[in-house]
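Q: This structure is in structure tokens; I'll ask about it shortly.
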Amino acid sequence: MTVAVVGASETTELGRIPHLSQMQLHADGAFNALADAGLSVSDIDGIATAGASPVDLTHYLGLEPHWIDGTSVGGCSFLIHVRHAVAAIEAGYCETVLITHGESGRSGVGRGGGGGGAASFASQFEMPYGPMGPTTLFGIGVLRYMKQYGMTHEQLASAAVAQREWAGMNPRAMYRDPITVDDVLASRVIAYPFHLLECCLVTDGGGALILTSAERAKDFPQPPVYILGTGESVESPMISQMADLTSSRNFRIAGGDAMKAAGVKHADVDHLMVYDAFAHLPIFGLEDLGFVERGEAGPFIEEGNTRPGGRLPLNTNGGGLSYTHTGMYGMFALQESVRQVRGQAPAQVDGANVSVCLGVGGMFSAGACIVFGKELP
Amino acid sequence: MSKEGLRPRYAPTPTPDTAHFWEGTRNHKLLLQRCTDCGTVYFPPRAFCPENGSSNIEVFEASGKAKLISYTINHRQHPSFESPYAIAIVQLDEGPMMMSNIVDCEQTPEALVLDMPLEVTFEKVSDEITVPLFRPVGEGS
């Protein structure tokens, strides 16, 4: 083992602490441990916690993590975090991990603040203004993006059109009939600027993956699909508190770490999946991963670069907009990357040797990226 | 925006670190926090600066001036709102972003122009909670 504990502390007080919320207890313990280690919050690049969401804690403390663990399986969760942190540090995912606990078990102040409870920041500072889930919030930065970069409603709609074209080649896709930009813009407005066809499906379904060592992987019936690189991060439980409404910090961190770990350049990538709950996500994904410059993704999609026959096949199952979207769609994005690299996709991309799969969690609250390859480097 | 026949809007539960903010809005003051070490003005409220972790902070009253950064216009039914209504992000002149609603203004893309100047106004939700809302400068004041 190459990993050690360098800071440790409990909260300043114990017993009855009715003047601190649960999140404040997390923070108090964290700052005491940082002081014990002679570190500041900016030294922390990995975060693990249970009870609270690592997203809430990241935003609350002002962190910018490259590794997170929210394993929450009861009182031993923090031991598990230690074990995961050892693996993460040894793997080079991060250097300095903070693990926190805070619980207002007696006074019950701000309990449940991590999961959208009445005392959470999101409940206090977003809920009063009438949000109704992702349709009303996920796209709240889109108008700002459009003003900043001149993206048109037609370009946004073209993301849905391109994916429907892929869905048309996929017998399992829920919606397969071709659509035009005019069809998208004529569909009902759900939450301006989003029309119905720019919002994901709502379906039932599921999936699973099985992983083993690369060494053993050669002895299985299916061709191995190697994991070349990975990345993860979290930013804020509130979309209104994103550092930049036109770009996801999580996409940049997770994508950057995954591509770097994989040692692949953009030109090496044959196939791309970007979790598309709404039509702007492929646009943010293309830019935050660095496939195009900021502001160029709308024209890039409109010109057909991500369609069948285009130079960067994107969301080739039809995506959340046309294939399926159960709610936590990430599993389906992973499945399509695996199918493509195996050479078994319904809309197979020729020579799909390297596939990048970018996922989102919440409404830009979390992000993760996996680079898959047919060959080990 | 909360009209007759609609349920009052959601009233949040303050916590010890946010209580001063909600006490401020109850008195029609928009309170922010500033780090006295690095000068960062931040929101939502915390007992330390989210830039550097310093607990050398002060509470001060914001100007109430803001501009419209972005929004969606929800067309579905909500028990507390008359649809369609805009859910907006505004940037306070002091820097921080916050979610709010834009009142005294048509809830249309034509009327809700990005970067338009706004000023804070307050709406009482309950005895404890008053929420900050924003209206175009010069309208209804």
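Q: Count, please, the residues in the stretch B:11-28 that happen to be assigned to a helix (DSSP H, G or I) and in contact with a Gly (Cβ under 7 Å, 6 or more places away or on another chain).
A: Result for the stretch B:11-28: 0.
Q: Another question about this same structure. How many residues are in a loop (DSSP other than H, G, I, E, B) and surrounded by fewer than 22 Cβ atoms within 10 Å (Cβ to Cβ) if we restrict to the stretch A:226-244?
A: Residues flagged as in a loop (DSSP other than H, G, I, E, B) and surrounded by fewer than 22 Cβ atoms within 10 Å (Cβ to Cβ) within the stretch A:226-244 amount to 2.
Q: Also, I was wondering about something else. Sort out which residues of the stretch B:57-113 are without any contact (Cβ under 8 Å) to a residue 24 or more places away in the chain, within 16 Å of A:Arg144 (Cα to Cα) and polar (S, T, N, Q), and write them in order of number.
A: Hit for the stretch B:57-113 is B:Thr72, nothing else.
Q: If you don't mind, there's one more thing I want to ask. Every residue in the stretch B:18-45 that is open to solvent by less than 10 Å² (accessible area, probe 1.4 Å) and out of contact with any strand residue (DSSP E or B) (no Cβ under 7 Å at 6 or more places or on another chain), please.
A: B:Thr18, B:Trp22, B:Pro44
Q: Restricting to the stretch A:151-172, name every residue that is crowded, with 19+ Cβ neighbours inside 10 Å and within 14 Å of chain B (Cβ to nearest Cβ).
A: Answer for the stretch A:151-172, where residues must be crowded, with 19+ Cβ neighbours inside 10 Å and within 14 Å of chain B (Cβ to nearest Cβ): A:Met151, A:Leu156.
Q: I'd like to check something: does the stretch B:56-67 contain any residue that is under 13 Å from the mean Cα position of the chain (by Cα), basic (Lys, Arg) and under 18 Å from A:Glu126 (Cα atoms)?
A: yes
Q: Consider the stretch A:34-54. How many of its residues are open to solvent by 20 Å² or more (accessible area, probe 1.4 Å) and assigned to a helix (DSSP H, G or I)?
A: 5
Q: Collect the residues in the stretch A:130-150 that are within 17 Å of A:Asp244 (Cα to Cα), open to solvent by less than 30 Å² (accessible area, probe 1.4 Å) and without any contact (Cβ under 8 Å) to a residue 60 or more places away in the chain, keeping them in residue-number order.
A: Matches in the stretch A:130-150: A:Leu143, A:Met146.
Q: Out of curiosity, is A:Leu185 in a loop (DSSP other than H, G, I, E, B), touching a strand residue (DSSP E or B) at 6+ places or on another chain (Cβ under 8 Å), assigned by TED's automatic domain parsing to the domain that holds A:Met363 and surrounded by fewer than 18 Cβ atoms within 10 Å (Cβ to Cβ)?
A: Taking the combined requirement at face value, the residue does not satisfy it.
Q: Tell me, please, whether a residue that is more than 14 Å from every other protein chain (Cβ to nearest Cβ), surrounded by fewer than 24 Cβ atoms within 10 Å (Cβ to Cβ) and touching a Phe, Trp or Tyr at 6+ places or on another chain (Cβ under 9 Å) can be found in the stretch A:100-108.
A: yes
Q: If I ask for residues that are in a helix (DSSP H, G or I) and in contact (Cβ under 8 Å) with a residue 60 or more places away in the chain, which ones from the stretch A:245-258 would you list?
A: A:Arg249, A:Asn250, A:Phe251, A:Ile253, A:Ala254, A:Gly255, A:Asp257, A:Ala258
Q: Quick test for you: out of B:Thr72, B:Thr40, B:Thr36, pick the one residue that is more than 19 Å from the chain's Cα centre (by Cα) and closer than 24 Å to A:His59 by Cβ.
A: B:Thr36
Q: Residues of the stretch B:63-76 being within 14 Å of B:Glu94 (Cβ to Cβ) and either away from chain A (no Cβ under 13 Å) or among the charged types (D, E, K, R) (or both), which ones?
A: Result: B:Ser63, B:Gly64, B:Lys65, B:Lys67.
Q: If we keep just the residues of the stretch B:46-62 that are open to solvent by 40 Å² or more (accessible area, probe 1.4 Å) and within 12 Å of another protein chain (Cβ to nearest Cβ), which is farthest from A:Ser40 (Cα to Cα)?
A: The selected residue is B:Ala47.
Q: Looking only at the stretch A:188-225, how many residues end up being aromatic (Phe, Trp, Tyr) and open to solvent by 50 Å² or more (accessible area, probe 1.4 Å)?
A: Qualifying residue count, the stretch A:188-225: 1.
Q: Scan the stretch A:91-98 and tell me whether some residue there is open to solvent by less than 40 Å² (accessible area, probe 1.4 Å) and within 13 Å of chain B (Cβ to nearest Cβ).
A: Looking through the stretch A:91-98, at least one residue is open to solvent by less than 40 Å² (accessible area, probe 1.4 Å) and within 13 Å of chain B (Cβ to nearest Cβ).
Conditions tested, residue by residue: (1) assigned by TED's automatic domain parsing to the domain that holds A:Ala254; (2) assigned to a helix (DSSP H, G or I); (3) touching a His at 6+ places or on another chain (Cβ under 9 Å); (4) farther than 23 Å from A:Ala258 by Cβ.
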{"site": "A:Phe31", "(1), (2), (3), (4)": "no, yes, no, yes"}
{"site": "A:Pro65", "(1), (2), (3), (4)": "no, no, no, no"}
{"site": "A:Ser72", "(1), (2), (3), (4)": "no, no, no, yes"}
{"site": "A:Gly75", "(1), (2), (3), (4)": "no, no, no, yes"}
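Q: How about the stretch A:117-139: which of its residues are outside any helix (DSSP H, G or I) and within 7 Å of chain B (Cβ to nearest Cβ)?
A: Residues satisfying the conditions are A:Ala118, A:Ala119, A:Glu126, A:Gly130, A:Pro131, A:Met132, A:Gly139.
Q: Return the residue satisfying two criteria in turn: it lies in the stretch A:39-59 and is more than 13 Å from chain B (Cβ to nearest Cβ) and not hydrophobic (A, V, I, L, M, F, W, C), and of such residues it is farthest from A:Ser104 (Cα to Cα).
A: Within the stretch A:39-59, the match that is farthest from A:Ser104 (Cα to Cα) is A:Asp45.
The values are calculated or read from the model by the stated rules, or taken from the named source; none is laboratory data. Bear in mind the structure is a predicted one, so any value in this text is a computation, not a measurement. Ideal geometry is used to build each Cβ from the backbone, glycine not excepted, and the neighbour counts take in all protein chains shown. Surface accessibility is based on the protein's heavy atoms, side chains included, excluding ligands, DNA and RNA. Shrake-Rupley method; radii C 1.70, N 1.55, O 1.52, S 1.80 Å.
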